[in-house]
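Data first, discussion second: the structure below is written as structure tokens.
The values are calculated or read from the model by the stated rules, or taken from the named source; none is laboratory data. If you're wondering where the values come from, they're calculated on a predicted model, not measured in any experiment. Cβ sites come from the backbone with ideal geometry, for glycine too, and all protein chains shown count toward neighbours.
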Amino acid sequence: MRFAVEPMRLEDIDEVVEVEKACFSLPWPLHAYRRELQDSHTSRYIVARMYPEPAETPPPRLSSLSGQPGFRQTLSALLRPIRRDGRDVPAEPAPPPPSPPAQIAGYGGLWFMLDEAHVTTIGVRPDLRQHGIGELLFASLTHMARDLGADRVTLEVRLSNLVAQNLYRKYGFTEEGIRRRYYSDNNEDALIMWSPPLNTPEYQRLMDDFEAALAKRLNGSMLKSAWDQGAWALRRSW
Ligand SMILES: CC(C)(COP(=O)(O)OP(=O)(O)OC[C@H]1O[C@@H](n2cnc3c(N)ncnc32)[C@H](O)[C@@H]1OP(=O)(O)O)[C@@H](O)C(=O)NCCC(=O)NCCS
């Protein structure tokens, strides 16, 4: 699999809400995402999309190809004549089989307020957790915050959510307060966490080190393409 971090699009919302429901007891409704994407000039949302490697795509069955564009070329490539000397007559290359649609593995978002960025949400499909995708999204959000001019990043996290807290602490976030009874489903408190200043050489080094380690974990070229096409390009995409 290859992952790309890409801007969330309106047509992604149904799938994002599906992942959101699997992640949170108080999921955002569909229209909240629509409003964020359409109306907000101060927010940025991303998805980690999962693309199958070309080699992982099973060879097409003829029956499933009939009626699709390219079927004729595939069939004629298979039925091309054999030369008398037994060698294949060169034929036009068959078109690649249609790729299955890319799946959304996770998503995340930021609100920008003056020189601060606020992580509004981050979630990964339960069956794809502990493979580095949450970190890929979080590193992308932090990197994007820095690129778009934020000095620091903040967020709220449930007191009981130690997994997410671990991820944030890994990136140097520390707790700087508590919002009492912040979550309306069970009145749980929220920890308020803040990043260190993003624009110091020390933090840039930490980000570089983590991104290099993450690239290894996620298989170098895949992450490289995620960075190149994703977080970096976000600036241009919006
Ligand atoms: C939090 C969440 C996004 C992490 O995603 P993930 O893809 O599983 O995380 P990763 O595999 O990238 O792990 C990144 C870091 O998270 C922490 N972490 C992940 N799974 C963990 C676990 N089971 N136990 C403890 N720490 C864990 C670790 O610090 C890990 O770094 P490491 O691999 O160097 O130890 C995911 O668990 C999730 O979607 N949870 C539900 C939604 C949620 O709680 N969002 C946060 C709201 S504030």
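The figures follow:
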item	result
ALA226, sole failed condition from (1) at pLDDT 80 or above; (2) within 14 Å of the ligand (Cβ to nearest atom)	(1)
Neighbours by Cβ (under 7 Å, 6+ apart or cross-chain): first from region 142-157, closer than 15 Å to TYR107 by Cα; second assigned to a strand (DSSP E or B) and within 15 Å of the ligand (Cβ to nearest atom)	THR142/VAL153; MET144/LEU110
Long-range neighbours under 8 Å by Cβ, at least six apart or interchain, first residue under 12 Å from GLY123 (Cβ atoms) within region 12-41, second modelled with pLDDT of 95 or more and charged (D, E, K, R)	VAL19/ARG125; ALA22/ARG125; PRO27/GLU20; PRO27/LYS21; TRP28/GLU20
Qualifying residue in region 21-41 (condition: surrounded by 13 or more Cβ atoms within 10 Å (Cβ to Cβ), in a loop (DSSP other than H, G, I, E, B) and of a type in the set (S, T, N, Q))	yes
Count of region 106-165 residues which are within 9 Å of the ligand (Cβ to nearest atom) and not small (Gly, Ala, Ser)	23
Residue in region 51-70 that is closer than 25 Å to GLU188 by Cβ, at pLDDT 80 or above and within 29 Å of the chain's Cα centre (by Cα) present	no
Residue satisfying condition, being among the aliphatic types (A, V, I, L, M) and modelled with pLDDT under 90, within set ALA164, ALA190, ALA213, ALA139	ALA213
Cross-chain or 6+ apart pairs with Cβ under 6 Å, region 158-170 first and closer than 11 Å to PHE138 by Cβ, then near the ligand (Cβ under 6 Å from one of its atoms) and among the aliphatic types (A, V, I, L, M)	ALA164/VAL157
Verdict on ARG83 being on the phi < 0 side of the Ramachandran plot, at pLDDT below 95 and not hydrophobic (A, V, I, L, M, F, W, C)	yes
Answer residue from region 96-105, given it is surrounded by 15 or more Cβ atoms within 10 Å (Cβ to Cβ) and more than 16 Å from the ligand (Cβ to nearest atom) and is modelled with the lowest pLDDT among those	PRO97
